[in-house]
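The values are calculated or read from the model by the stated rules, or taken from the named source; none is laboratory data. These numbers were taken from a predicted model, which means no experiment stands behind them. In this analysis, Cβ positions are derived from the backbone assuming ideal geometry, glycine residues included, and neighbour counts consider all displayed protein chains. Heavy atoms of the whole protein, side chains included, go into the accessibility calculation; ligands, DNA and RNA do not. Shrake-Rupley method; radii C 1.70, N 1.55, O 1.52, S 1.80 Å.
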Amino acid sequence: MSDNTLYDKVWDRHKVTTLPNGQDQLFVGLHLIHEVTSPQAFGMLQERDLEVARPDLTLATVDHIVPTADQSRPYSDDAAEEMMSELEENVRDAGIEFLSPETGEQGIVHVIGPEQGLTQPGKTIVCGDSHTSTHGAFGALAFGIGTSQIRDVLATQTIAMEKQKVRKIQVDGELAEGVEAKDIILEIIRRLGTEGGVGYVYEYAGEAIEDLGMEGRMSICNMSIEGGARAGYVNPDETTYEWLEQTDYFQEHPEKFEELKPYWESIRSDDDAEYDDVVHIDASELEPVVTWGTTPGQGVGVTDPIPEPEDLPPEKQDTARRAQEHMRVEPGDTMEGYDIDVAFLGSCTNARLPDLRRAAEIVEGRQVPDDVRAFVVPGSQRVQRAAEEEGLKDVFTEAGFDWRNAGCSMCLGMNEDQLEGDEACASSSNRNFVGRQGSKDGRTVLMNPQMVAAAAINGEVTDVRDLEEVVSV
Amino acid sequence: MSREADEVEIPEVKEVTGSGIPIRGNDIDTDQIIPARFMKVVTFDGLGEFSFFDQRFDDEDEPKDHPMNEDRFQDANIMVVNANFGCGSSREHAPQALMRWGIDAFIGESFAEIFAGNCLALGMPTVTGDQETIEDLQNFVDENPDAEIDIDVADETVTYDGKTVDVTVDEGQRKALVDGIWDTTALMKANQQAISETADGLPYV
Ligand code: SF4
């Protein structure tokens, strides 16, 4: 049993009671909602004639279905328009703040929470979306929930949960050039498996994690769920506080910052906290990781050979064989040189400003070949504006990338941005499941954003560290 | 404390009886169970026919080989699956779709946690057994699609073919199903006072 970890402390502060079914009832500090998973929950609420308990602790945005090209209403896709209208009606009736595209604050739900300064250490945060784990980067306890649980939260601002075990993942050492937070988490999932985290919450710690900015920490926490852990977090520190301090919320309420800081400090895991498990990773050994298969755990260093299914644990062999057939890769080969048709820079894993900056550095002065479809979908309207102001948009468009509006886009292909046929996509997103990007024959290769940029330029998976310097004329 | 006027009757799920359908393979994710393109809906009604759509139909919407397309399994209400079933996204659309197709319970080697939680919220057990138990059951169901299978949630057993095998039901899930306390909205709404007190104790609320 863990003791005195951030998880234990935040859990205890939010525990209302133990329910007759053995679960704990937890108070929810922030409920984020979007158009895909909330309408059914509002429907269930109406069926029972219940009201939204705490609209003041609820925030809505639209991300999954928004078109990223033409956003004029009504949307050309009727189903998308219906979902948007339904959300508009629900938030209006309940008095919930809605960061719609007109506000200039819209974006992927896991990008905007932190931007708004609402994602804070020691908060419980839930959303009907598995990547809610992202918010753990701030030392919040954040997890994805299903629609019936959304109903619970809307009706009571609480949630019923069982306490999990805590695994500390200690990442020491320094990252090499071209290697990023994304590679750390892909490596963790490769080693521990996509189910390795079931029943656990992950605490990410160690020098390599502390060295990361908030964006990198978010990329890691984001993919906790791909490793089976419903939540992941990093203890808050000066990096966290610096981010919070410059958000609009704390700029407007500096006194709140001073008032809350002692609480944030108090919920950090104690030095002598007890964990149910500890895992060590040496960050300095990592190289850029790319996936060769159809689960995020099927990753490999870009210069390492794709594994023989026979060399994997027995229960993974069958899945690996099917994945290699789908991806059309051969064990023993490397992923380097794997032809791609599409490059997608986006998603709640890797579409924040520093991600776009690093990718822009790679594409600057280079050209995407004609047979590659490359596009950038910023994580939020704020990211988009900032990137445009500092000239990143121009860098991308001059190199032949399409520059889009904020949304989930090809991360899951619920809008018009989809793979076609058996196209292969170098993607900065988090899931490479069959069919995920809109075509059931589509092939997704997950990698960090610099690697996506390099793949776009060469039309094939490329070790970004081998790209030659662009000689300026 | 006063009972809520909106309280709903929550049925007890002590037992599920019916016939089985085997869905083989590990790591079957929710994108396979219900592809994202069918989630552009504002209610769950009508999702059933899109369950496993891309496994069941080809590009021309012609049926492919899949147990859910076979006549002999059309009345099945117990899905027998392998390891890590329902991994991937937290979409409740997945169990909702399978429930609407006709499934009342799952027996498998293991389930993704959120998927199991979503099932519980619908009153559907996710019962687990070891690999051998599950494969035996899958083979049996394949050969005897009409045979009766009985899941005893309270006793943690599955009875079929004249024998009873041990399975596991997560402790919390078992209690919730057997005692009819799996509808958490009703359970939690009753604690209004304690909710307010907890909120008052939080510096940020
Ligand atoms: S960007 Fe992708 S993973 Fe993130 S919330 Fe949107 S669909 Fe989900």
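With the crude spin-label approximation of a point 7 Å out along Cα→Cβ, what separation in nm comes out for B:D146 versus A:D49? Computed distance between label sites B:D146 and A:D49 equals 4.7 nm. By DSSP, the beta bridges lying fully in chain A are antiparallel in about 25 percent of cases. Modelled label positions at A:R321 and A:K163, each set 7 Å beyond Cα in the direction of Cβ, lie 4.4 nm from each other. In this structure the amide hydrogen of B:F57, modeled in the peptide plane, comes within under 5 Å of the amide hydrogens of B:K64, none closer than 5 places in sequence on its chain. The shape of the range A:77-137 can be summarised by an equivalent ellipsoid whose semi-axes, obtained from the alpha carbon gyration tensor, come to 23, 13, 12 Å from longest to shortest. Centre-to-centre, using Cα atoms only, the range A:313-359 and the range A:210-261 are separated by 28 Å. Working note: Cα atoms of the range A:286-357, range along each principal axis, descending, whole Å: 41, 25, 24. With a Förster radius of 30 Å applied to the beta-carbon distance between A:Q367 and A:D422, the computed FRET efficiency rounds to 0.75. Given R₀ = 25 Å, what would the calculated FRET efficiency be for B:T43 paired with A:E97, taking r from the Cβ atoms and rounding to 0.05? Efficiency computed from Cβ-Cβ geometry: 0.50.
Sites listed here are chymotrypsin sites (Phe, Trp or Tyr not before Pro) in the range B:4-67 whose DSSP assignment is loop and whose Cβ has at most 16 other Cβ atoms within 10 Å, and the list is empty. Round to a whole angstrom and tell me the spacing of the C-alpha centers of the range B:144-205 and the range B:12-27. A separation of 16 Å, based on Cα centres.
Remark: accessible area buried at the B-A interface is about 5000 Å², both chains counted, probe radius 1.4 Å.
Here the alpha carbons of the range B:28-125 define both size measures, Rg and Dmax, at 12.6, 36 Å.
Here the Karplus curve 6.51 cos²θ - 1.76 cosθ + 1.60, taken at θ = phi - 60°, turns the phi angles of the range B:171-187 into couplings of 3, x, 5, 4, 4, 4, 6, 5, 8, x, 10, 8, 8, 6, 4, 4, 4 Hz, with x standing for Gly and Pro. When its C-alpha radius of gyration is set against 2.2 N^0.38 Å (N residues), the range A:67-226 gives a value of 1.19.
Here the contact order of chain B, divided by its residue count and restricted to Cα pairs under 8 Å and six or more residues apart, works out to 27 percent. Based on the reciprocal of the average 1/r between different C-alpha atoms, the Kirkwood radius for chain A equals 22.5 Å. Residues A:E174, B:E113, ordered by accessible area of protein heavy atoms at a 1.4 angstrom probe radius and largest first, appear as A:E174, B:E113.
Counting DSSP beta bridges in the range B:16-174, what percent are antiparallel, to the nearest 5? If I count the DSSP bridges inside the range B:16-174, around 50 percent turn out antiparallel.
Any chance you could tell me what percent of the C-alpha pair distances in the range A:237-371 go past 17 Å?
Looking at the range A:237-371, the distances longer than 17 Å represent 77 percent of pairs.
In vacuum, with every alpha carbon of the range B:5-59 counted as one equal point scatterer, what does the Debye formula give for log10 I(q)/I(0) at q = 0.23 Å⁻¹? Two decimals, please. With one equal scatterer per Cα and no solvent, log10 I(q)/I(0) is -1.01.
If you wrap the Cα atoms of the range B:101-170 in a convex hull and average its projected area over all directions, you get 4.9 nm². Of the residues B:I181, B:I103, ranked by 1.4 Å probe accessible area with the largest first, the sequence reads B:I181, B:I103. For a paramagnetic label modelled at 7 Å from the Cα of A:D277 toward its Cβ, which residues of the range A:294-315 fall within the zone defined by backbone nitrogen distances under 20 Å? Within reach of a label on A:D277: A:295-299, A:312-315.
Computed from backbone phi with θ = phi - 60° and the Karplus coefficients 6.51, -1.76 and 1.60, the 3J(HN,Hα) list for the range A:401-409 is 7, 8, 10, 10, 8, 5, x, 7, 6 Hz; x is used for glycine and proline. Averaged over peptide A:193-199, the number of partner chain Cβ atoms lying within 10 Å of each residue's Cβ comes to 4. For A:G199, nonlocal amide neighbours, meaning residues 5 or more places apart or on other chains whose placed amide H falls under 5 Å from its own, are A:R230.
Above 27 angstrom, tally the Cα pairs of chain B and express them as a % of all pairs, no decimals. So the pairs more than 27 Å apart make up 35 percent of the total in chain B.
Computed from phi, the 3J(HN,Hα) profile of the range B:108-114 under the Karplus parametrisation 6.51, -1.76, 1.60 (θ = phi - 60°) reads x, 6, 7, 10, 5, 4, 5 Hz, with x in place of Gly and Pro.
For A:K256, a cut-off of 20 angstrom between C-alpha atoms picks up these lysines, skipping any fewer than 8 places away in its own chain: A:K123. Rounded, prolate or oblate, given the Cα gyration tensor of the range A:308-466, with a/c below 1.5 counting as rounded? Because a/c hits 1.5 or more and a/b exceeds b/c, the range A:308-466 counts as prolate.
Can you compute the helix-only [θ] at 222 nm over chain A? Use -39500 (n - 2.57) per DSSP H run of at least 4 residues, normalise by all residues, nearest 500 deg cm²/dmol.
Only helices count here, giving -9500 deg cm²/dmol.
Its relative contact order, with pairs defined as Cα atoms under 8 Å and 6+ residues apart, puts chain A at 17 percent.
When the Cα atoms of the range A:171-269 are aligned to their principal axes, the ranges along those axes come out at 44, 34, 21 Å in descending order. Close amide H contacts of A:Q106 (hydrogens built in the peptide plane, cut-off under 5 Å, sequence separation of 5 or more or a different chain): A:Q381.
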